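Chemist: Sharing a structure here in structure tokens format.
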Amino acid sequence: MSGGAGNGAAVAIETATETVGVAVRTPDGLQAEFALTGRRRHVETLTPALDHLLAQLDLTPRDLSLVAVDVGPGLFTGLRVGVAAAKGLGQALGVGVVGVSSLDVLAAAARAAGHRGPVLACVDARRGEVFAAVYGSAVHGPGASGVADADGDTAPVLGPGLFAPGDLVDALGRTQGGPLMAVGDGAQRYAGELVGVPGLIVAAPALGFPPPTSLLDLALARVAAGESPADPAGVVPRYLREADARINFERIDRPAP
């Protein structure tokens, strides 16, 4: 099994939120990206998007030597689609898979956009909850590339966890005392509650989902830092919560008080 992307192209698969995203990069730097937001058409969109990007770069799946995938937390169905696609691709090609947290990807995207202070990465978990983590100030200087380090910028100082917005506000109030940039669709949805935290600013909608290019950057940085891609069979989603269908079934099956 191939251990890295040095001898071939790399692909990133992003399906943790309502956005379906794919990014491909060749060893000589050519890159293509696709993202569709708001439709929740993960199954119908993912494979055609990947085929299209590979064709634009004159590549075939056999040219890939690394697969990166967002393993969550996020939407249950989206994660299943993305992780299954990454595992299938890795197994078919005999290459390793790098699984990256959606919250780490959002923090990396904030760094790539130039934000050097603390970051709140916040993914909408539905049912009035969010998945969230806080990342400390960037270790890079002002002239840095903006790509998150494998062991520095993406080390959370709070979380990751599942929070009701009010509980997250309370936790932030206990841990934060300065400027804080909030990114992700959870931050967008609950901006009204989060702006009650002193110093917190909700980022523009452009940082409302984990970008596939940031996922690819982060995965490649971790491999360059010595992380070994995993065997595809061992890559699993990180849900942080039971699936909605199971929770609803348990509620129906629970005896009335």
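Chemist: ALA16 passes all but one of (1) touching a residue at least 24 places away in the same chain (Cβ under 8 Å); (2) not in a loop (DSSP other than H, G, I, E, B); which number fails?
Modeler: Going through (1) touching a residue at least 24 places away in the same chain (Cβ under 8 Å); (2) not in a loop (DSSP other than H, G, I, E, B) one by one, ALA16 breaks only (2).
Chemist: Scan region 66-87 residue by residue and report those that are touching a residue at least 12 places away in the same chain (Cβ under 8 Å) and small (Gly, Ala, Ser). Show your work before the answer.
Modeler: Step one: of region 66-87, the residues touching a residue at least 12 places away in the same chain (Cβ under 8 Å) are 66-83, 85-87.
Matches in region 66-87: ALA68, GLY72, GLY74, GLY78, GLY82, ALA85, ALA86.
Chemist: Could you give every pair whose Cβ atoms fall below 8 Å, whose first residue belongs to region 42-65 and is free of Cβ contacts under 8 Å to residues at least 24 places away in the same chain, and whose second residue is outside any helix (DSSP H, G or I), counting only separations of at least 6 or pairs across chains?
Modeler: Matching pairs, first to second residue: HIS52/PHE34.
Chemist: Determine whether ALA191 is assigned by TED's automatic domain parsing to the domain that holds GLU18 and over 19 Å from the mean Cα position of the chain (by Cα). Let's see the steps before the verdict.
Modeler: On the way: assigned by TED's automatic domain parsing to the domain that holds GLU18: no; over 19 Å from the mean Cα position of the chain (by Cα): yes.
No; evaluated as a whole, the condition is false for this residue.
Chemist: Here's a check for you: in region 27-56, which residue that is modelled with pLDDT of 95 or more and touching a Leu at 6+ places or on another chain (Cβ under 7 Å) is nearest to ALA206 (Cα to Cα)?
Modeler: Restricting to residues being modelled with pLDDT of 95 or more and touching a Leu at 6+ places or on another chain (Cβ under 7 Å), the top hit is PHE34.
Chemist: Pairs only if they're at least six apart or on different chains, beta carbon under 8 angstrom, first in region 229-246 and part of a loop (DSSP other than H, G, I, E, B), second modelled with pLDDT of 95 or more and among the basic types (Lys, Arg); list them, first residue then second.
Modeler: Pairs that qualify, where the first residue is part of a loop (DSSP other than H, G, I, E, B) and the partner is modelled with pLDDT of 95 or more and among the basic types (Lys, Arg), are VAL235/LYS87; PRO237/ARG80.
The values are calculated or read from the model by the stated rules, or taken from the named source; none is laboratory data. Model, not experiment: these values are computed from the prediction. Cβ coordinates were reconstructed from backbone atoms using ideal geometry, including for glycine residues, and neighbour counts include every protein chain displayed.
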